[in-house]
Amino acid sequence: MVEKSKENLTFQAEVSKLLDLVANSLYSEREIFLRELISNSADACEKLRYQSLSKKNLLKDDKDLKINIRVSKKKKIIEIEDNGIGMNKQELIDNLGTIARSGTSRFIEAMKNKKEGDISAIGQFGVGFYSSYMVSDKVDVLSRDAANNEINLWSSNGKENYSIESSEKEKRGTCITLNIKKDADEFLDSFRLRSIITKYSNYIPFPIYLNDLDDKEKEEKINEGSPLWLKDKNDIKDEDYKQFYNNISFNFDEPLKTIHYNAEGVISYRALIYIPTNQPMDLFNAERKNKIKLYVQKVFITDECDDIMPNWLRFIPGVVDSQDISLNISREMLQNNPIISKIKKGLTNKILNEIENLSKKEKTKFETFWNNFGAVLKEGIYEQNDHHEKILPLLRFENSINDNKISLEEYIKIMAKDQKEIYYFANTDKDHIKNSPQLEVFADKKIPVLFMVDAVDEFWIQNVSKFKDLEFKSITKGKVDVSKVGEKTKDKKDDNKKIDSKIKDLINILKEELKDNISEVLISERLTKSPILLVAEESGMDINMEKLMKMHNQKTPASKKILEVNPSHPMIVNLANNLTKVDHKKMSNLLLDQANILDGNILSNPSGYLENLTEIFIK
Ligand code: ADP
């Protein structure tokens, strides 16, 4: 008999918060608790099977890995038992209570911003176990760990505390007992459970048995427990594919595209991967890894093989099963492994081809894809040079000419007469772009400009510089000469001849007064309506890029900008004609402040600006 000493421990504060949130949620699809617990059991079985490859006697005589679900209306309980890897005392504490798992706070945060319905995404955050408190007022986790046969009982009513004590359990693995809440007794019905298991967990690669404890005769096997990816495509229905997708990805949308194929060549493998319809919640979380599960001959090896999928395809969930990797491979040996890099290359090409097909044959689907994953795909042009040719034609841009997003090919078709560069405007604020004076001359001359509104745009574009011999040219940087491009506009220089020398005087004054802030003052080629504008120097960092770097706290020395002046703007003309009557310092600062405001910058001395402005109004 083991000496029983019960320890009472307190949940880590974040966990408590999360439990409260789950227990009191009004979420209607509470049935997902079962999906989460079965998924954990399947993981435990996969981990054990993997470890047993190197530790031969781990499985002992309990070799058939499986999941048993038992239900009793009389006792008001549901049990979910697996003969997987189990947990020792420390693991119970770490996994189920004390340590703030990284997903905990992110899940709480996501819940704050979303409707109740989104509890369904709990599995994406790695905190699925707690969903059991939607239906239970007490949960017991009895576990016997495979390595040392340590047996412990973890128990909690899901409030602030939980207890742990050593206990008895005949068989290896974990048995979770849910004491079902009064208002959740619908789940004590074995038919209901059966339909939930078929709905969510039919393609879990281990058999699931259901047993009604009130009816001793009844034990039935619910699913086949054989891996879907090894089946013949013709034998698989769309619903099967969808459910498997939901099981492995914790996304609950329809897959946008299912890709199931056999690669045979230098390396052979079978892959079942998906392009999701919706964006997973953590797509832009820096810690997010790829979602590929690697199997060797049906044995799960790892879902943490960083090298199997490029990071910019991290939204693709799926399974890869290869016979060409040794079953005895350790997870460490998967790093820099030549077979894995070949598989990665194969997967990447296959996915890019499928996306290309979407773009050509299923335009609406492609649009959905692009809106959700376009920004991530662009990381691919930034990170690697191998895929430029494939990715560049997939890009779609908002632009100054029409409301549809266009490809680079389409851009070339609508380019203005004699246009030799691809003009773009990068800024993550779309409204800023649309209202910016930078676009004036382009609008007047009907020269199309691509809007680059994703932060990553500034980065990939430096890596590419050209599309089909046409250079990309930022219109917010350096000299832009479009005098010979597009429709002819009235040459304003003639009008201004008389005051040319006065404008020159004005420019010289601005140069002198602003020499500490501005690298150059020029007559603008871009402005047709606004008086004044800031642009980046040709050799300097683009304006938007500098803002992005600052946002990420990168220490970038603020580079001096070029101030452009529109010589035909009435305000400029007026100033040039009255240079003797105004205070040069104040005038120069006012103009610079105006340019900064147009650029969306925060003025360093707003009260100085207002003072100067007021003074002019009063005069
Ligand atoms: P996730 O499974 O996404 O990591 P959970 O909150 O569902 O998040 O589970 C937390 C952890 O508890 C798991 O990662 C696993 O280590 C452990 N665990 C949960 N259920 C079991 C089980 N049936 N057998 C072994 N370990 C388990």
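The values are calculated or read from the model by the stated rules, or taken from the named source; none is laboratory data. Keep in mind it's a predicted model, so treat the numbers as computed, not measured. For neighbour counting, all protein chains shown are included, and Cβ atoms are generated from backbone atoms with ideal geometry for every residue, glycine included. To get the accessible areas, we keep the full protein, side chains included, count just its heavy atoms, and leave off ligands, DNA and RNA. Shrake-Rupley method; radii C 1.70, N 1.55, O 1.52, S 1.80 Å.
Here are some notes:
- Subtracting the Cα-Cα distance of Asn234 and Ala286 from their residue separation scaled by 0.36 nm leaves 14.9 nm.
- Leading residue at positive end of dipole, the chain (Cβ point charges), from Met549, Leu153, Ser102: Met549
- Here the stretch 7-221 has an Rg and Dmax of 16.6, 49 Å, counting Cα atoms alone.
- Volume per residue for the chain equals 195 cubic angstrom (convex hull of Cα atoms).
- Bridges between two residues of the stretch 518-619, per DSSP, are antiparallel at a rate of about 45%.
- Computed from Cα positions, the angle between helix 102-113 and the longest principal axis of the chain comes to roughly 60 degrees.
- For the stretch 377-383, 3J(HN,Hα) computed residue by residue from phi via the Karplus equation (6.51, -1.76, 1.60; θ = phi - 60°) reads 4, 4, 4, x, 7, 6, 6 Hz, glycine and proline entered as x.
- Among 276-282, 86-92, the peptide with the highest mean count of other Cβ atoms within 10 Å heads the list, and the full ranking is 86-92, 276-282.
- Ellipticity estimate at 222 nm from DSSP helix runs (n ≥ 4, -39,500 (n - 2.57)) divided over the chain, nearest 500: -10500 deg cm²/dmol
- Assigned charges on the beta-carbon of Lys, Arg, Asp, Glu; the stretch 396-474 dipole about Cα centre (debye): 280 debye
- Of the residues His388, Ile475, Ser5, the one whose Cα sits farthest towards the positive end of the charge dipole of the chain is Ile475 (charges of +1 on Lys and Arg Cβ, -1 on Asp and Glu Cβ, taken about the Cα centre).
- When each of the peptides 307-313, 159-165, 216-222 is scored by how many other beta carbons lie within 10 Å of its residues on average, the order from highest to lowest is 307-313, 159-165, 216-222.
- Charge tally in the Cβ shell below 14 Å around Glu356, where Lys, Arg are +1 and Asp, Glu are -1, Glu356 excluded: +4
- Between helix 13-23 and the chain: long-axis angle, C-alpha atoms, 0 to 90°, nearest 10: 70 degrees
- Share of carbon and sulfur in the accessible heavy-atom surface of the stretch 7-221 [1.4 Å probe, %]: 47 percent
- Centre separation in Å (Cα based) which lies between the stretch 34-88 and the stretch 145-204: 11 Å
- Relative contact order, whole percent, for the chain stands at 9, derived from Cα pairs under 8 Å and 6 or more residues apart.
- Axis angle, to the nearest 10 degrees, between helix 584-598 and the longest C-alpha principal axis of the chain: 40 degrees.
- For the stretch 532-545, putting each phi into the Karplus relation 6.51 cos²θ - 1.76 cosθ + 1.60 with θ = phi - 60° gives couplings of 7, 7, 9, 9, 7, 6, 3, 8, x, 7, 4, 4, 5, 4 Hz, in residue order, rounded to whole numbers and with x for Gly and Pro.
- 12 Å cut-off, amide nitrogen to a point 7 angstrom out along Asp183 Cα→Cβ, residues in the stretch 118-147: 134-136
- The charge dipole of the chain, taken about the Cα centre with unit charges on the Cβ atoms of Lys, Arg (+1) and Asp, Glu (-1), comes to about 840 debye, rounded to the nearest 20.
- In percent, rounded to a whole number, the relative contact order of the stretch 78-200 is 33, using alpha-carbon pairs under 8 Å and six or more apart.
- Per-peptide packing, taken as the mean over residues of other Cβ atoms within 10 Å, places 343-351, 601-609 in the sequence 343-351, 601-609 from highest down.
- Applying Stokes-Einstein at 20 °C and 1.002 mPa s to the Kirkwood radius of the stretch 228-370, computed over alpha-carbon pairs, gives a translational diffusion coefficient of 137 µm² s⁻¹.
- The 1.4 Å probe gives accessible areas that order Thr528, Thr104, largest first, as Thr528, Thr104.
- DSSP-defined beta bridges in the chain - what % are antiparallel, rounded to 5: 75 percent
- Extending 7 Å from the Cα toward the beta-carbon at both Lys466 and Val299 defines two label points whose distance is 5.1 nm.
- Contact order normalised by residue count of the stretch 1-95, Cα under 8 Å, 6+ apart, percent: 25 percent
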